[in-house]
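Q: To start, I am sharing the structure in question, which I have written as structure tokens.
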Amino acid sequence: MNAPVTNFDAVTVTVLPPVARFNLRIAPADLAVASKALDLSLPTRIGQGSQQGDRAAYCIGPDEWLLHAAEEEQQAIAAAFDKVRTETPHSLVVISDREVTIGISGPAAVDLLSVACPLDLSRIPVGGAKRTVFDYAQVTLIRDGEDAFRLEVWRSYVPHVQGLLDVATRELAAGL
């Protein structure tokens, strides 16, 4: 499943290995507690991300964060948040199996994503993330580099998104 879905010289589309993935809802005033539980400083602005080692956090709403870690850390992170639940109300939901991550990289990555994503991709900073749509599928778009992105797609929409990416990649390769 980690083989390239589609590629040509200017862009590669690959299904990436699974990660531990959480949706965290917590009052911004309690970010210090959440940062300590995750052992990573959570970003404070929507669209901003932070990363240290295998752990990453992306602010995707006024009180909402997408958290990533190595798969084997999932239980430890859930346990750390469970310990602070009584004094710090929050919601931590494991969404690891709900989504699939598709990596898109290369000089034509922005062109490929622009086929079905309405965002001005130049406004997403490296290390940042935005919730958006790809065609009609809700996705979270993470920018890892100037020409490197990850699309977090609900598993049920993956065939549709992969199909669009495949068609658009062939069109770009043909110069359309």
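Laboratory data are not the source of any read-out in this text; all were calculated from the coordinates shown. Just so it is clear, the structure is predicted and the values come from calculations on it, not from any experiment. Every residue, glycine as well, gets a Cβ built from its backbone with ideal geometry; the counts of neighbours run over all protein chains shown.
Q: Suppose each label sits 7 Å from its Cα in the direction of the beta carbon; what would the ARG45-ARG170 distance come out to in nanometres?
A: For the pair ARG45/ARG170, the computed spacing is 4.2 nm.
Q: Taking 0.36 nm per intervening residue step and subtracting the Cα-Cα distance, what contour gain separates GLN75 from SER156 on full extension?
A: Extra length from GLN75 to SER156 when fully extended: 26.7 nm.
Q: Work the Kirkwood hydrodynamic radius out for region 72-176: mean of 1/r over every pair of different alpha-carbon atoms, inverted, in Å.
A: Mean inverse Cα-Cα distance, inverted, gives 15.4 Å.
Q: Have a look at THR44, THR86, THR132 and tell me which one the Gaussian network model of the chain (Cα, springs below 10 Å) gives the largest fluctuation.
A: So, out of THR44, THR86, THR132, the one fluctuating most is THR86.
Q: Can you list, bin by bin at 5 Å, the percent of alpha carbon pairs in the chain, starting at 0?
A: 1, 8, 17, 21, 19, 14, 9, 6, 3, 1, 0, 0
Q: In addition: When the chain is fully extended, how far beyond the present Cα-Cα distance does SER114 get from ILE95, taking 0.36 nm per residue of separation?
A: Gain in length upon complete extension: 4.2 nm.
Q: With charges only on Cβ, +1 for K and R and -1 for D and E, what is the dipole size of the chain about its Cα centre, in debye, rounded to 20?
A: It works out to roughly 360 debye.
Q: So, one more: Would you calculate the separation in nanometres between label points at ARG123 and LYS36, each defined as 7 Å from the Cα along the Cα-to-beta-carbon direction?
A: Going by the 7 Å Cα→Cβ label model, 3.7 nm.
Q: Another question, then. For the modelled label position 7 Å from the Cα of ARG25 along Cα-to-Cβ, which residues of region 41-67 have backbone nitrogen atoms closer than 16 Å?
A: Counting only backbone N, you get 60-67.
Q: Remind me, relative contact order of region 20-94 in percent, using alpha carbon pairs under 8 angstrom and six or more residues apart?
A: 41
Q: Separate question: Just flag the GluC sites (Glu not before Pro) in region 1-101 sitting in loop per DSSP whose Cβ has no more than 15 other Cβ atoms within 10 Å.
A: GLU87
Q: For helix 74-83, report the angle its Cα long axis makes with the longest principal axis of the Cα atoms of the chain; keep it between 0 and 90° and round to the nearest 10°.
A: Tilt of helix 74-83: around 30 degrees.
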